[in-house]
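Step one of this worksheet: look at the structure below.
The values are calculated or read from the model by the stated rules, or taken from the named source; none is laboratory data. Model, not experiment: these values are computed from the prediction. Quick reminder, even Gly has a Cβ in these numbers, built from the backbone with ideal geometry, and neighbours come from all protein chains shown.
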Amino acid sequence: MRLETDLTPTALRDSFGAPATIPIWELPAFITALERAGFAALPHRMWLQMELATPWTLMAMVLVGAAFTMGHIRSGGQGLMVLGALLAGFGVFFLRDFAQVLGENGQIPVVLAAWNPPAVATLLALALLLHLEEG
């Protein structure tokens with residue numbers, strides 16, 4: 001018996017590889033094809049959403065850096081501010097990676113896992129920036 005399908009051996013082989021190996025503009029169609037074939041596409045969905053959220057994450061990191069370095073040099077404590085900026089940056093990326101793992105495992109929704117870390121980092125950086133500049 002022959003069953004017609006649009007799956008190719010290459011597509012099956014690629015589906016079990018890392019999502020980063022597929023170009024981002026081909027991911028939506030690839031995800032649809034995987035789900036239509038009955039395979040799990042959660043890591044690919046997570047990768048797509050994380051890549052789409054990357055510009056916002058970078059913007060949040062700029063705001064974190066600005067919040068910690070906008071102070072006057074005469075006020076002192078610049079070393080602690082730089083240390084705080086480094087720790088906050090590492091914290092943002094740790095939160096992002098932790099949320100990505102939770103999203104890939106299906107613990108939390110993919111959109112929530114990809115877009116909340118940059119949103120939280122942006123809001124906290126803006127709050128710190130406003131607090132430090134208000135004075």
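Here is a check on your reading of the model: is A29 at pLDDT 85 or above and in a helix (DSSP H, G or I)?
Details: at pLDDT 85 or above: yes; in a helix (DSSP H, G or I): yes.
It is true that A29 is at pLDDT 85 or above and in a helix (DSSP H, G or I).
In this structure, is G91 assigned to a helix (DSSP H, G or I) and surrounded by fewer than 16 Cβ atoms within 10 Å (Cβ to Cβ)?
Working: assigned to a helix (DSSP H, G or I): yes; surrounded by fewer than 16 Cβ atoms within 10 Å (Cβ to Cβ): yes.
Against the criterion (assigned to a helix (DSSP H, G or I) and surrounded by fewer than 16 Cβ atoms within 10 Å (Cβ to Cβ)), G91 qualifies.
Assess whether L80 counts as being surrounded by 14 or more Cβ atoms within 10 Å (Cβ to Cβ) and either more than 13 Å from the chain's Cα centre (by Cα) or not hydrophobic (A, V, I, L, M, F, W, C) (or both). Working first, answer last.
Values: surrounded by 14 or more Cβ atoms within 10 Å (Cβ to Cβ): no; either more than 13 Å from the chain's Cα centre (by Cα) or not hydrophobic (A, V, I, L, M, F, W, C) (or both): yes.
Answer is no for this residue.
When only residues in the range 94-135 that are crowded, with 18+ Cβ neighbours inside 10 Å and touching a Pro at 6+ places or on another chain (Cβ under 6 Å) count, which is nearest to A60 (Cα to Cα)?
Here the residue is R96.
Which of the following residues is of a type outside the set (A, V, I, L, M) and on the phi > 0 side of the Ramachandran plot: G103, G77, G84, G91? So that I can check it myself, show each step before the final result.
Working: G103 fails: on the phi > 0 side of the Ramachandran plot; G84 fails: on the phi > 0 side of the Ramachandran plot; G91 fails: on the phi > 0 side of the Ramachandran plot.
On inspection, the qualifying residue turns out to be G77.
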